[in-house]
Amino acid sequence: MDQNRKQGRGQTRAFTLIELLVVIAIIALLLAVIAPSLQKAKEYAKRTLCMSNARQTGLGLKAYAQNNDDNLIPMRDQNGAIEATTPMPWEGVVAYSPTYTGVSSRPLPMHLATLYDLDLIENPEVFYCPSQPRNGSYPIPYYYDFYTDNGRKQWGTYFPTPPDAGSGHLWVRTSFNYWTYGKKRVAQLHAVQPLVVDNLQEWEVIPHRQSRISPTLDADRGVPNPRAVPLGVTALFVDGHVSFCSGSEIFDKTIWPLANGYYNGPGNNRTAFEKILRVIAGR
């Protein structure tokens, strides 16, 4: 009797299959509840860093203006010509254009890259938003990365074959869009006009989203995938302050064409692009 009792006490009761399935179901439920919060926290951290990058960019632009009699960095077209014609908005993301070699056969620094070239910004990583996708599919991702060009260490994503294939361009691009509204001096702009914003070239490249799933428009319904609707836009204003600007008006489908794509986005439509900037400015 005593021996049987001792054996009973030493036995370990195992989980039944049903109990194991219940535990797994509870864990899965907890993960489903926690995952969205973790995703939001991750995006919030990236958004904070994005705003910090924009703020540092603003300090560089302020230093440039102080050193150059209140002048803005000139807008250039894709070939490096200074406002020969009014540039398209997408050209505001171009940092270097090797179609203009500049000094010592170097690619010509353009727009925000001018700050790096003049040592007003030490690390060009500040010209990029950490929420930008890094996949290699079109549309072109815009993220910070080093690469070597003709022995000189350059930076940023580059586009070796633009839509007009065969032209020989090798554009280095930032994920922030620089825009001067056709003005040449800071005093000609309003304090609350956005001077630098997240890349708004087309719907797919807007960085801050509820999720990173298929950010394309739903062709059947003619509306954006709701889970991929952008959360807002980081904007650096002329007076130097930075805000994360949200609101359905920014992403109004009348501004963002349903026939989405490179040639249909605000990046190739100055009127639509500046309308978005006016909404961001609240004017």
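Within segment 179-199, residues that are over 20 Å from E91 (Cβ atoms) have Cβ atoms under 8 Å from residues that are modelled with pLDDT under 95 and in a helix (DSSP H, G or I) in these pairs: H190/A281; V192/A281, counting only partners at least 6 apart in sequence or on another chain. For A272, the test of being farther than 16 Å from M51 by Cβ, out of contact with any Leu (no Cβ under 6 Å at 6 or more places or on another chain) and modelled with pLDDT of 90 or more is failed. T86 satisfies every condition listed in (1) surrounded by 13 or more Cβ atoms within 10 Å (Cβ to Cβ); (2) at pLDDT below 90 except (1). Each residue in segment 40-64 was checked for being within 12 Å of the chain's Cα centre (by Cα), crowded, with 20+ Cβ neighbours inside 10 Å and of a type in the set (A, V, I, L, M), and 1 pass. Against the list (1) assigned to a helix (DSSP H, G or I); (2) over 15 Å from the mean Cα position of the chain (by Cα); (3) surrounded by 19 or more Cβ atoms within 10 Å (Cβ to Cβ), the condition Y96 fails is (1).
Does F127 meet the test of being exposed (fewer than 11 other Cβ atoms within 10 Å of the Cβ), at pLDDT 65 or above and at negative phi? Here the answer is no, as F127 does not meet what is asked.
Please verify whether segment 212-223 includes one or more residues that are more than 17 Å from C129 (Cα to Cα), modelled with pLDDT under 85, among the hydrophobic types (A, V, I, L, M, F, W, C) and in contact with a Pro (Cβ under 8 Å, 6 or more places away or on another chain). Yes: one or more hits. Residues in segment 247-269 that are in a loop (DSSP other than H, G, I, E, B), loosely packed, with under 14 Cβ neighbours inside 10 Å and either touching a strand residue (DSSP E or B) at 6+ places or on another chain (Cβ under 7 Å) or at pLDDT 75 or above (or both): G247, D252, K253, T254.
If you take the residues of segment 20-59 that are touching a Leu at 6+ places or on another chain (Cβ under 9 Å) and of a type outside the set (A, V, I, L, M), which of them is farthest from I121 (Cα to Cα)? Step by step, filter segment 20-59, then rank; the result is E43. Scan segment 79-91 and tell me whether some residue there is in a helix (DSSP H, G or I), without any contact (Cβ under 8 Å) to a residue 60 or more places away in the chain and closer than 24 Å to A235 by Cβ. Yes, there is a match, as at least one residue in segment 79-91 is in a helix (DSSP H, G or I), without any contact (Cβ under 8 Å) to a residue 60 or more places away in the chain and closer than 24 Å to A235 by Cβ.
The values are calculated or read from the model by the stated rules, or taken from the named source; none is laboratory data. All of these numbers come straight from a predicted model, not from anything done at the bench. Ideal geometry is used to build each Cβ from the backbone, glycine not excepted, and the neighbour counts take in all protein chains shown.
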